[in-house]
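Here is the structure we will look at.
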Amino acid sequence: MTSTKLSASAPLSHPILTTVESIRTTPTQRAAFCQAKIIHVLEGHVSIETLGGFATLDPGMTLCLGAGRWCRLLPHSRTRLWTAYLDERFFRTVMGWFLPDRSRVSHGLHPLEWDGAPIVLNPGLRALEEIEPLWRQIAGLAGVDSPEVVAISTVELFARWMRKIVPTFVSHQSAIAEPRTLRSPVAGRLSDTSSIGYVGRATELLWASMNESWTVSRLAHAVQISRNQLTRQFVTQVGAPPMRYLTSIRLVEFTRLIDETDLSVEQAARTVGWTDPRVAAAWFTRRFGMTPSHYRLRPHRRAIASHICVACRDMQRHFSGQVLR
């Protein structure tokens, strides 16, 4: 394949940032993407294989991987993830703004020095839970027609997201984090936060019974709060109204069933609560750009174990103009 230089003003062939929530219960194949990839673990435990070896991620941990580099997920149990796919030029530019003093950044982590090799960070589960509403809002931008609104909203939400994450890149954090010597043996909250508050109980109900016919009124009654209060708290804490949240988790489970099982589209749709498979197919197509049936017939191209994806590599370049290696 002939390598062509990507100029700073070249138009993007894909969104600058896309976020996808997923549940994995079985291993994936090795796959590479033309975007940089950030994998966040919210629930469960997963080993991630890359060209550099294996990394095991627990809840609250994150793995960053450069464009064109393959990875393979091996969940130890049911694992809930949020994966961000970022245009690498956008990622390096904006992160360069957020980290203006390279001397404060841990060695090898500054975006202008990073070679795309896998980096494991540990922002903590509480930080990821606080960021999750932002990921859900970014995912919701897929249905917005105006590219200007999408671009502006994406940058705004990404900045709010990075406000929580940037401290993990900084090596001199005395003014940001608590001194390690003062930490107790307990590394975080011991109780299950999903059981706290109206929204926690409501999301727990929806995940457990997503195949039922829910309305905002029924959900509000189940957790003993008014419809208006529940909707306001959902938007604030989750990033979407209750029924939009229900749609998103149905799509997550529907996608898992399409990917990991042989259930028909109709059976998978009914399993998650969509009585009409056309509704499930429409939401799936909106997210992935193809129908569930087409998705099954078109496996993602397997990555070669000893190389990064050449096609992706040629599309992504350092600001110095050198091809990523």
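The values are calculated or read from the model by the stated rules, or taken from the named source; none is laboratory data. Quick caveat: nothing in here was measured; it's all calculated off a predicted structure. In this analysis, Cβ positions are derived from the backbone assuming ideal geometry, glycine residues included, and neighbour counts consider all displayed protein chains.
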## Note on the structure
Within region 72-111, residues being out of contact with any Gly (no Cβ under 6 Å at 6 or more places or on another chain), surrounded by fewer than 18 Cβ atoms within 10 Å (Cβ to Cβ) and either farther than 28 Å from Leu141 by Cα or not assigned by TED's automatic domain parsing to the domain that holds Phe33 (or both) number 10
### Message
Quick check on Thr255: is it under 21 Å from the mean Cα position of the chain (by Cα), crowded, with 17+ Cβ neighbours inside 10 Å and free of Cβ contacts under 8 Å to residues at least 60 places away in the same chain?
### Response
no
### Query
Within region 219-228, is even one residue of a type in the set (S, T, N, Q) and either surrounded by 14 or more Cβ atoms within 10 Å (Cβ to Cβ) or within 30 Å of Gly116 (Cβ to Cβ) (or both)?
no
### Task
Tell me, yes or no, whether region 30-43 has at least one residue that is modelled with pLDDT of 95 or more and either in contact with a His (Cβ under 8 Å, 6 or more places away or on another chain) or of a type in the set (Ser, Thr, Tyr) (or both).
no
### Query
What about Ala36, is it in contact with a Gly (Cβ under 6 Å, 6 or more places away or on another chain) and surrounded by 21 or more Cβ atoms within 10 Å (Cβ to Cβ)?
yes
### Message
Every residue in region 100-129 that is outside any loop (DSSP other than H, G, I, E, B) and without any contact (Cβ under 8 Å) to a residue 40 or more places away in the chain, please.
### Response
Arg102, Ser103
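One line per residue, one yes/no per condition, for (1) farther than 25 Å from Ala32 by Cβ; (2) of a type in the set (A, V, I, L, M, F, W, C):
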site	(1), (2)
Trp82	no, yes
Arg89	no, no
Arg102	yes, no
Gly124	yes, no
Ala139	no, yes
Glu148	yes, no
### Task
Would you mind stating whether Pro133 is in contact (Cβ under 8 Å) with a residue 60 or more places away in the chain, in contact with a helix residue (DSSP H, G or I) (Cβ under 9 Å, 6 or more places away or on another chain), in a loop (DSSP other than H, G, I, E, B) and under 25 Å from Ile249 (Cβ atoms)?
no
### Task
Would you check if Asp192 is exposed (fewer than 11 other Cβ atoms within 10 Å of the Cβ), under 23 Å from Leu81 (Cα atoms) and at pLDDT below 85?
yes
#### Entry: The one condition in (1) surrounded by fewer than 20 Cβ atoms within 10 Å (Cβ to Cβ); (2) within 18 Å of the chain's Cα centre (by Cα); (3) more than 22 Å from Ile165 (Cα to Cα) that Gly53 fails to fulfil
(2)
### Task
State all residues of region 113-149 that are among the β-branched types (Val, Ile, Thr) and either under 17 Å from the mean Cα position of the chain (by Cα) or modelled with pLDDT of 90 or more (or both); if no residue qualifies, say none.
Ile119, Val120, Ile131, Ile138
### Query
Just to be sure, is Leu246 among the hydrophobic types (A, V, I, L, M, F, W, C) and at pLDDT 95 or above?
yes
